[in-house]
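We did not get these values from a lab; they are worked out from the coordinates using the rules stated. Here the structure is a predicted model, which means the values were calculated and not measured. Cβ placement follows ideal geometry from the backbone for every residue including glycine, while neighbour counts extend to all protein chains displayed.
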Amino acid sequence: MTTFQIENQCPQCGAPANLEETDRLFACPFCRVTSLLLTRDYFRYVLPARNPVGKDLVYVPYWRFKGILLFSLPAGIEYKFIDVSHCATDASPIPATLGLRSQALKLKFVTPEMPGRFVRLARSFDDTLAAFNRRFSQALPRPILHCAHLGESMSLMYSPFYATDQLYDAVLDRPVTAAGGGFPDTGLAGGRPDWGVRFVAALCPACGWDLEGARNTLAMFCRNCQSAWYPAGEALAQVESACLEDTVEAGIYFPFWQITCDLSAIGLKSYADLARIANLPNVVDRTAGLREFRFWTPAFKIRAQVFMRLAESLTLLQAQDRVAPMLPPGPHHPVTLPVEEACESLKVVLAAFFKPRRVLPEMLPALTIRPMQHTLTYLPFIEDQHDFIQPQTRLAINKNLLSLSRSL
Ligand SMILES: [Zn+2]
Ligand SMILES: [Zn+2]
């Protein structure tokens, strides 16, 4: 499975910095300043040219997606893990995919000063993803009620080309075409890249205290003013956080998203509505029944089957009254699944418990789930030999599946 290394410099002292693709916090071993990596949308990388000197390089954009495609079918959910790239412009004979060659290469972040022509995008990420959905769902039985994705990596990769009497792939320094074919006439318009990664010192925007977090986490804590922070474009925004106050000594706290949505179209507003819609066997008392319905999903990367099992179980539990607004008091697992990605899965979660199932083919495609609010929520888990176990709910996370899911 592909995970890229990125060559960069410390924004404070200029010392060389080697980053992993999943890094969001960089602690410089030289100047000891910790910086956050922020982007207004996708991270953008360039693949290195083998012999760049004296060449007019043209950088062609490729969308890259690594993650899971989820397909809601009448009989259940189908999962497909994919690690793919696709050219974001149409310019034959430029190759349609990056292939596997980028695996061993050290990438760099795109910077506004980079020389070369950066080709403009002709296709959005959503269009490209729709094409992946079509391609990877071909073998599935029809009807497909809904497609969604759980992304681990979504980025733009710029691969360099140049032309002499023929078109060359500058990464391999090898011709793409037979002699006599230079650059295609269309599809390669572009200019300077209008993008750069933004490095921000990892300090609490409210009080200036050092923020706490693992290198690959999306959420950071300030223990001074007890706040949690989450990237919102090129800045940090405060995120509501809650934690289950437990009476047992916790091993580790795992993060989940509680997401409130407008589901008035199907009459799902409260716990009582959920009990009816999901045909829950347990009796919901009057007070609990009035509780606002929320989706619950993991906020960390885990195998898709485990993700769906946890999301469905916790959503059916509606345990929001058991958590209090606070940060996790002990060690905690990093937040590695963006809330936007969690929102992507909500229709699939809904389809997993919705009854009667026969109405799904009509109901699901027409339904729009509009997320309105989210809360980062921590639950304590106790570690045993094979699993992390949540004592109040008896939910378990297999340790092997968790360590494997560093690359999903
Ligand atoms: Zn430094
Ligand atoms: Zn603070």
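A few points about this structure:
- Extension gain, Q5 to S92: 0.36 nm times the residue separation minus the Cα-Cα distance gives 28.4 nm.
- For the pair T111 and A189, label points projected 7 Å from Cα toward Cβ lie 2.9 nm apart.
- Sites E245 and T393, calculated FRET efficiency, Cβ-Cβ separation with R0 25 Å, nearest 0.05: 0.95
- Dipole magnitude of the chain about its Cα centre (Cβ charges: Lys, Arg +1; Asp, Glu -1), debye to nearest 20: 640 debye
- Under 17 Å from a label point set 7 Å out along the Cα-to-Cβ vector of V176, the amide N atoms of the stretch 57-71 belong to 57-64.
- Linear extension gain, D165 paired with A75, 0.36 nm per residue minus alpha-carbon span: 26.8 nm
- Bridges between two residues of the stretch 216-341, per DSSP, are antiparallel at a rate of about 95%.
- Compared with the direct C-alpha span, the chain from E340 to Q138 gains 70.1 nm at full extension, assuming 0.36 nm per residue.
- The stretch 102-171: trypsin sites (Lys or Arg not before Pro) in DSSP loop, at most 16 other beta carbons within 10 Å: R120, R123
- At an R0 of 30 angstrom, the distance between the Cβ atoms of E234 and I82 translates into a FRET efficiency of 0.55.
- For the stretch 351-391 versus the stretch 1-66, the gap between their alpha-carbon centres in whole angstrom: 34 Å
- Max mean-square fluctuation residue, GNM over the chain, Cα-Cα springs under 10 Å, options L25, L327, L364: L364
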